[in-house]
1. Return yes when Ile373 is crowded, with 18+ Cβ neighbours inside 10 Å, assigned by TED's automatic domain parsing to the domain that holds Val305 and hydrophobic (A, V, I, L, M, F, W, C) and no when it is not.
2. Given the condition crowded, with 18+ Cβ neighbours inside 10 Å, modelled with pLDDT under 90 and in contact with a Ser or Thr (Cβ under 9 Å, 6 or more places away or on another chain), answer yes or no: does some residue in the range 333-350 qualify?
3. Here's a check for you: in the range 47-80, which residue that is in contact with a strand residue (DSSP E or B) (Cβ under 9 Å, 6 or more places away or on another chain) and at pLDDT 75 or above is surrounded by the most Cβ atoms within 10 Å (Cβ to Cβ)?
4. Return the residues of the range 338-375 that are touching a Lys or Arg at 6+ places or on another chain (Cβ under 9 Å), of a type outside the set (A, V, I, L, M, F, W, C) and assigned to a helix (DSSP H, G or I); say none if nothing qualifies.
5. Which of (1) at pLDDT 85 or above; (2) surrounded by 18 or more Cβ atoms within 10 Å (Cβ to Cβ); (3) assigned to a strand (DSSP E or B) is the odd one out, the single condition Phe288 does not satisfy?
6. Tally up the residues in the range 379-394 that are buried (at least 18 other Cβ atoms within 10 Å of the Cβ) and modelled with pLDDT of 90 or more, please.
7. What about Leu67, is it part of a helix (DSSP H, G or I) and more than 22 Å from Arg243 (Cα to Cα)?
8. Quick check, is Gly79 in contact with a Ser or Thr (Cβ under 9 Å, 6 or more places away or on another chain), assigned to a helix (DSSP H, G or I) and either not basic (Lys, Arg) or not assigned by TED's automatic domain parsing to the domain that holds Leu195 (or both)?
Amino acid sequence: MGIAKGRMEKLKRGQKVAFIAAFFTLFLAIAKGTVGYLFNSKILLADAFHSAADLLAIFASGFGLWLAGKKKSARFPYGLYKAETLVSFLIGIFIIWAGIGMLKEGYYKLFHITQVEEFPALPLVVSGISAIAAFFIARKEQAAGRESNSQSLIANARESFLDIITSMVVLAGIWLAFLRIPHIEGVIIVLISLLIFKLGIENVWMSLLALMDANLGPELQFAIEKKINEIYGVKGTSEVKIRQSGPFKMVECKIETSPTLPLYRAHELADKTEDLITKSYEDIESVFIHLEPAKRNVESVIIPVKDMNGLDSKVHAHFGRAPYYIILRLTDKDAEIEDFYYNEFLNEKKHIGIKVIKAVIKYKLDMLFTAKIGELSFYMLKENFVDIYKIAEDLTVAETVNKYRNGQLEKVPAPTHSIEESQVK
């Protein structure tokens, strides 16, 4: 609940910044249009038109964030987050439109010089103020866009930063027009218009990809898969899908786990996976987990043994007090020894089994074959999704594996002795 509330607060702050930016952009557009008309400054009028396009884009961004901040409903169970993506697409159209308009103006200025008889003091001042205002607006939009992960606000910030350059170009153009220097003004405006046009194309393209649920974050997908595979009980990640939905991401993933896992433990594993992902990435709004039984035919087994004699090692009577442990990788046909572990805790008096488990848990064990096991060790292994099977003392490892494959081993339903009996006297 706290995470969801935090997301909504960020969206509201983004809305506030967007509407404030829209107000100041409106003021600048009116000021530039009025001064441009009074002083017959064509380039300042063109810049006013450009600011009007920015105004529509910024207002649309705020409106999109307002829609995205609406509560989910029966009609829109996934929320209105994609409204922000749609608005981001429209912003791209506006930017392209502004770029084409400026390109036309620049082409015109290549061959026509505006005759200015009076020193254009007020137009120069307005252009300078516009550049300064664009800088502060861009900083606010960029900060709010990154905080709320709003693609439309981030796009507006980029456009506002370009507005700084545009305003400086306009200022230079007004000065050059007064000095009657040909061509330079038009060349600069054409170059800036091409940059704006490129930005608009990129914004439209990215929005289209998001609306079509394209994979926009392969690095994030890989990072999520790595995190999931580190969770004990997960036997593999078969598929992770990420879709961009406005300022947030939605994740769907299939994970494999033990086929013998009880339903309530499977739900616990799914919840654990979901919590890990949502807490690791603030911009992930929801996670959908689908559990499947592991299809791999490789199982990791640990067996307490008395000696280190390969598959002829003898089974020890007690899990925690065994001097050695053999870790096997079982397939349908083979039993491969992965490692031997020496019990370094034998001289300690309490919770030896727990300490052994903590030391060998890195092997991502599937099963334990043992004659006896204490209460704490039993529940710790069950908590880590390890199936426990009862075997007889002094059997060899090879004989134990054969009995398992022939279905002659039974699961241990409960600890074989209490906590008190596990202590070394």
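The values are calculated or read from the model by the stated rules, or taken from the named source; none is laboratory data. Just so you know, these numbers come straight off a predicted model, no measurement behind them. Note that we place each Cβ from the backbone using ideal geometry, even for glycine, and neighbour counts take in every protein chain shown.
1. yes
2. no
3. Filtering the range 47-80 down to residues in contact with a strand residue (DSSP E or B) (Cβ under 9 Å, 6 or more places away or on another chain) leaves 68, 78-79.
After this cut, where a residue has to be at pLDDT 75 or above as well, the list is 78-79.
Values: Tyr78: 13, Gly79: 20.
Filtering the range 47-80 for residues that are in contact with a strand residue (DSSP E or B) (Cβ under 9 Å, 6 or more places away or on another chain) and at pLDDT 75 or above, the one surrounded by the most Cβ atoms within 10 Å (Cβ to Cβ) comes out as Gly79.
4. Residue satisfying the conditions is Gly353 alone.
5. Phe288 satisfies every listed condition except (2).
6. 3
7. Numbers: part of a helix (DSSP H, G or I): yes; more than 22 Å from Arg243 (Cα to Cα): no.
Taking the combined requirement at face value, the residue does not satisfy it.
8. Working: in contact with a Ser or Thr (Cβ under 9 Å, 6 or more places away or on another chain): yes; assigned to a helix (DSSP H, G or I): no; either not basic (Lys, Arg) or not assigned by TED's automatic domain parsing to the domain that holds Leu195 (or both): yes.
Criteria not met by Gly79.
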